[in-house]
Amino acid sequence: MNEGLIPKRYAKALFEYASERGKADSLYRSMGTLETSFRDNPELQQTLDNPFIDDSQKEKLIATAAGSPADDTVLADFLRLLARNKRLDMARGAAIAYCDIYRKANKISLVTVTAAAPLDPEEEKRLKDIIARHLDGGTMEYTFALDPSLIGGFTIGINSERLDASIKNELKQLRLKLLSK
């Protein structure tokens, strides 16, 4: 069976369960923290894959990695379900899928602006305003990053869309045009 499909199904059920209990927002924050923990600590997945570690220890580890408050019964119930079904190793996939479902339901776009040099606050505000208009009333989770290899300009990523207004890209396009002649 497709391992991408199983975490999505769990995440969809979790979203419905959390929404019914009014905990979808707090669980979104916990799942985002959990995804970051997995990304920053690859050994976390290796620990979950280890058959010699008890499921209760794995549940505690996941709850800690999610930064979950002790009274988060929704996450605890979900982790018990994963443990009962021998799916704790799919916690990362479920966290990613939950965040995607939550963002779609709440019209939240992931926006990443990468520039060759820091933008002055006025330019950055103007850029955010332009992006906000493009989102048609949705909100954004904004991230700014520096990448000197762009030489100049910037790139904007909005979910799966990408706009490349960098000097590096312009030089690449010019090179391709010259080579094709």
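The values are calculated or read from the model by the stated rules, or taken from the named source; none is laboratory data. Values in this document were obtained by computation on a predicted structure and should not be read as measured data. Cβ coordinates were reconstructed from backbone atoms using ideal geometry, including for glycine residues, and neighbour counts include every protein chain displayed. For accessibility, only protein heavy atoms count, side chains too; no ligands or nucleic acids. Shrake-Rupley method; radii C 1.70, N 1.55, O 1.52, S 1.80 Å.
Looking only at residues that are among the acidic types (Asp, Glu) and without any contact (Cβ under 8 Å) to a residue 24 or more places away in the chain in region 1-24, which one is least open to solvent (accessible area, probe 1.4 Å)?
Looking at residues that are among the acidic types (Asp, Glu) and without any contact (Cβ under 8 Å) to a residue 24 or more places away in the chain, I get Glu16.
So which residues in region 139-165 are more than 9 Å from Ser109 (Cβ to Cβ), assigned to a loop (DSSP other than H, G, I, E, B) and not β-branched (Val, Ile, Thr), if there are any at all?
Asp147, Gly152, Ser160
Among the candidates Thr36, Thr47, which residue alone is among the hydroxyl-bearing types (Ser, Thr, Tyr), surrounded by 13 or more Cβ atoms within 10 Å (Cβ to Cβ), in contact with a Leu (Cβ under 9 Å, 6 or more places away or on another chain) and without any contact (Cβ under 8 Å) to a residue 40 or more places away in the chain?
Just a single option satisfies the conditions, and that option is Thr47.
Whether any residue in region 45-57 is closer than 23 Å to Ile101 by Cα and charged (D, E, K, R) is what I want to check.
Scanning region 45-57, I find no residue that is closer than 23 Å to Ile101 by Cα and charged (D, E, K, R), so the answer is no.
How many residues are open to solvent by 70 Å² or more (accessible area, probe 1.4 Å), more than 25 Å from Met31 (Cβ to Cβ) and modelled with pLDDT of 95 or more if we restrict to region 129-147?
The number of residues fulfilling the criteria is 1.
Just for region 155-181: of the residues that are of a type in the set (Gly, Ala, Ser) and under 20 Å from Pro118 (Cα atoms), which one is surrounded by the most Cβ atoms within 10 Å (Cβ to Cβ)? Show your work before the answer.
Pass one, region 155-181, residues of a type in the set (Gly, Ala, Ser): 157, 160, 165-166, 180.
If we keep only those that are under 20 Å from Pro118 (Cα atoms) as well, we get 157, 165-166.
Details: Gly157: 17, Ala165: 13, Ser166: 20.
Going through the qualifying residues, I end up with Ser166.
What are the residues in region 66-111 that are assigned to a loop (DSSP other than H, G, I, E, B), exposed (fewer than 15 other Cβ atoms within 10 Å of the Cβ) and more than 19 Å from the chain's Cα centre (by Cα), if any?
Result: Pro69, Ala70, Asp71, Asn85, Lys86.
Check whether at least one residue in region 120-138 is part of a strand (DSSP E or B), within 28 Å of Phe38 (Cα to Cα) and touching a residue at least 12 places away in the same chain (Cβ under 8 Å), and report yes or no.
no
So which residues in region 144-174 are under 22 Å from His134 (Cα atoms) and more than 19 Å from the chain's Cα centre (by Cα), if there are any at all?
Across region 144-174, the qualifying residues are Gly153, Phe154, Leu163, Asp164, Ala165, Ser166.
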